[in-house]
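First the structure, in the form of structure tokens, and then the observations on it.
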Amino acid sequence: MAPAHAHYDQKLASVYDQMYPIQADTDQAVAYLAGLLPPTGRLLELGVGTGRVAVPLAEHGFHVHGIDDSEAMLAKLRERDPKGLVTSRLGDFTATGTGERFDVVTLLMNTLFAAVTKEQQITCLRNARKQLAPGGRFVLQAFDPALYHTMSRPDLSVRYLGETAIMLDTLVIDRSQQIMVGVHTILDGGPPQTRRHMLRYAFPFEIDLLAELAGLRLVSRMGDWAGGAYTSASTGHISVYERAGERDAGTRPEDAAGPGEADCTAVRPL
Ligand SMILES: C[S@@+](CC[C@H](N)C(=O)[O-])C[C@H]1O[C@@H](n2cnc3c(N)ncnc32)[C@H](O)[C@@H]1O
């Protein structure tokens with residue numbers, strides 16, 4: 001059986017927004033994505049989570065859809081979005097699609113790496129391509145593995161989850177498999193709760209190759225949401241892709257449907 005990523009259960013979902021308290025980054029992400037969309041355009045977020053980016057975009061008047069395989073994360077999204085502006089679906093983005101097309105499809109906050117084999121990552125990228133409208137953009141945000149790849153000893157760090165809780169994080173790298181295993185221990189006054197979390201990281205240029213195999217072509221890459229250059233000092237990247245064959249449409253038979261698109265079945269909105 002293919003390895004599966006760690007599931008965001010209720011406990012992790014309850015602290016997710018405190019794990020990543022990056023309001024400035026979120027505001028810039030929302031502004032950037034809004035700039036890519038036509039007025040009242042359509043955006044799909046794969047791994048939409050608690051709606052950190054999806055909800056503010058929907059509040060700007062865009063038609064925002066999200067897919068996630070964690071009911072607990074989607075429940076937090078609905079709390080953040082009492083008017084139900086975001087259309088959310090429960091589903092695995094490596095296996096299911098919406099059956100619809102979008103001006104922008106996003107995969108943010110390292111979520112590609114939650115697909116823990118390169119085959120799952122390619123399927124996820126194919127699924128993104130399939131749901132991209134002609135002329136649309138696929139936007140992927142991920143950390144640059146350079147900082148972690150050569151780590152030979154476990155890394156221990158502490159996150160503050162508000163005034164009365166902390167999270168102890170242990171990170172171990174298996175360089176031979178490009179796998180990162182994190183163990184999160186939540187200390188909030190109750191019994192300590194531990195969750196294991198696995199990622200298959202990929203370097204930006206490997207992602208470009210996987211994207212090419214999925215029928216996507218790199219358009220631009222930035223080091224941050226404000227449009228800073230991606231350089232060897234960058235800790236992450238925001239990469240923008242288009243459907244390959246768009247400019248020379250019709251020259252290759254696979255451009256019409258995209259490689260492997262037939263595997264994606266549609267799931268109904270919640
Ligand atoms: C790091 S969080 C990112 C959430 C949100 N995109 C953000 O930027 O704040 C990753 C999300 O992807 C979801 N996820 C991971 N693998 C998935 C899969 N195969 N199918 C659907 N959702 C998945 C998790 O449940 C989680 O909500």
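Out of everything in region 16-43 that is among the aromatic types (Phe, Trp, Tyr) and surrounded by 16 or more Cβ atoms within 10 Å (Cβ to Cβ), what residue ends up being farthest from the ligand (Cβ to nearest atom)?
Taking the candidates together, the pick is TYR32.
How about region 67-178: which strands (runs of 3 or more DSSP E) wholly inside it have at least 1 residues that are more than 14 Å from the ligand (Cβ to nearest atom) and assigned by TED's automatic domain parsing to the domain that holds THR235? First the steps, then the outcome.
Details: elements: 87-90, 102-107, 132-143, 155-160, 166-174.
So the answer is 87-90, 102-107, 132-143.
Would you confirm, using the coordinates I've provided, whether GLU100 is over 23 Å from ASP9 (Cβ atoms), acidic (Asp, Glu) and either modelled with pLDDT of 95 or more or surrounded by fewer than 24 Cβ atoms within 10 Å (Cβ to Cβ) (or both)? Let's see the steps before the verdict.
Working: over 23 Å from ASP9 (Cβ atoms): yes; acidic (Asp, Glu): yes; either modelled with pLDDT of 95 or more or surrounded by fewer than 24 Cβ atoms within 10 Å (Cβ to Cβ) (or both): yes.
Yes, satisfied.
Exactly one condition in (1) crowded, with 20+ Cβ neighbours inside 10 Å; (2) more than 22 Å from GLY135 (Cβ to Cβ) is not met by LEU46; state its number.
(2)
THR117: surrounded by fewer than 24 Cβ atoms within 10 Å (Cβ to Cβ), closer than 19 Å to ALA58 by Cβ and hydroxyl-bearing (Ser, Thr, Tyr), yes or no?
So THR117 fails the test.
Find all pairs meeting these conditions: Cβ atoms under 9 angstrom apart; at least six residues apart or on different chains; first residue within region 28-55 and free of Cβ contacts under 8 Å to residues at least 12 places away in the same chain; second residue more than 16 Å from the ligand (Cβ to nearest atom).
none
Yes or no, residue by residue, for (1) more than 22 Å from TYR201 (Cβ to Cβ); (2) hydroxyl-bearing (Ser, Thr, Tyr):
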{"position": "ASP144", "(1), (2)": "no, no"}
{"position": "HIS149", "(1), (2)": "no, no"}
{"position": "LEU171", "(1), (2)": "no, no"}
{"position": "SER176", "(1), (2)": "no, yes"}
{"position": "ILE186", "(1), (2)": "yes, no"}
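If you take the residues in region 233-247 that are in contact (Cβ under 8 Å) with a residue 24 or more places away in the chain and assigned to a loop (DSSP other than H, G, I, E, B), which one is nearest to CYS124 (Cα to Cα)?
ALA244
Search region 200-224 for residues being in contact with a Leu (Cβ under 9 Å, 6 or more places away or on another chain) and over 16 Å from PHE113 (Cβ atoms), and hand back the single one that is surrounded by the most Cβ atoms within 10 Å (Cβ to Cβ).
Looking at the filtered set, the residue picked out is LEU216.
Consider ILE122 against the criteria (1) surrounded by 24 or more Cβ atoms within 10 Å (Cβ to Cβ); (2) over 21 Å from ASP27 (Cα atoms): it satisfies all of them except one. Which criterion is unmet?
(1)
Modelled with pLDDT of 95 or more and among the hydrophobic types (A, V, I, L, M, F, W, C): which single residue out of VAL30, VAL15 fits that description?
Only one candidate qualifies: VAL30.
The values are calculated or read from the model by the stated rules, or taken from the named source; none is laboratory data. These numbers were taken from a predicted model, which means no experiment stands behind them. Glycine also receives a Cβ, built like all others from the backbone with ideal geometry; neighbour counts cover every protein chain displayed.
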